[in-house]
1. Consider the stretch 35-56. How many of its residues are of a type outside the set (A, V, I, L, M) and under 16 Å from the mean Cα position of the chain (by Cα)?
2. Kindly provide the set of residues from the stretch 36-59 that are over 13 Å from A7 (Cβ atoms), assigned to a helix (DSSP H, G or I) and either in contact with a strand residue (DSSP E or B) (Cβ under 8 Å, 6 or more places away or on another chain) or not acidic (D, E) (or both), ordered by number.
3. Quick one: in the stretch 39-74, which of the residues that are surrounded by fewer than 17 Cβ atoms within 10 Å (Cβ to Cβ) and among the β-branched types (V, I, T) is nearest to P15 (Cα to Cα)?
4. Could you grab the pairs with beta carbons closer than 7 Å, sequence gap of 6+ or different chains, first residue in the stretch 8-22 and of a type in the set (D, E), second one surrounded by fewer than 12 Cβ atoms within 10 Å (Cβ to Cβ) and outside any loop (DSSP other than H, G, I, E, B)?
5. Which residues, taken from the stretch 66-84, are within 14 Å of V47 (Cβ to Cβ) and outside any strand (DSSP E or B)?
6. State all residues of the stretch 1-35 that are outside any helix (DSSP H, G or I) and surrounded by fewer than 17 Cβ atoms within 10 Å (Cβ to Cβ); if no residue qualifies, say none.
Amino acid sequence: MEDPDFAVLVTGAAPGGPAPLKAVRAVTGLSLWHSRRLLDDAPTVAVESVPFDLAGPAARRLREAGVPVAVRCGWCRRTLPEGEAPVDPGGCDPRVEPAAHCPANSLTSCDCDFCAAYGPLPGHGGRPAAEG
């Protein structure tokens, strides 16, 4: 079973100064010159094909530096809301795996054949239910 990949998208123009450049460089590993080009080319992809537990902190770091970003799921192509809270899986349309296997959603259990036979995958099905 595979987890979906996520992309961190730069959605608009970033403020000038060193903070956005340093944040892009830290997140992408690009040189300062290439980081400036990436910011100048917005909207564009800053990081792609990373797991959710790396995409969320990367987006947070860029936001803290003033860079407008969004995180997009590689399975359903949805743009996740700002923050790292689980999202409602209602709009998720995964191509391969059950929606419950996506670490970005708020499902607390999975009823797929794999999980029924072998138990939940690490990180799947064990998330506490949202308080409400």
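Derivation of every value follows stated rules applied to the coordinates shown; laboratory data play no part. Remember, predicted model here, so these are calculated numbers, not experimental data. Every residue, glycine as well, gets a Cβ built from its backbone with ideal geometry; the counts of neighbours run over all protein chains shown.
1. Looking only at that region, the number is 7.
2. R36, R37, L38, L39, P57
3. Filtering first and then ranking leaves T44.
4. none
5. V67, G74
6. Correct list: M1, E2, D5, T11, G12, A13, P15, G16, G17, G29, L30, S31.
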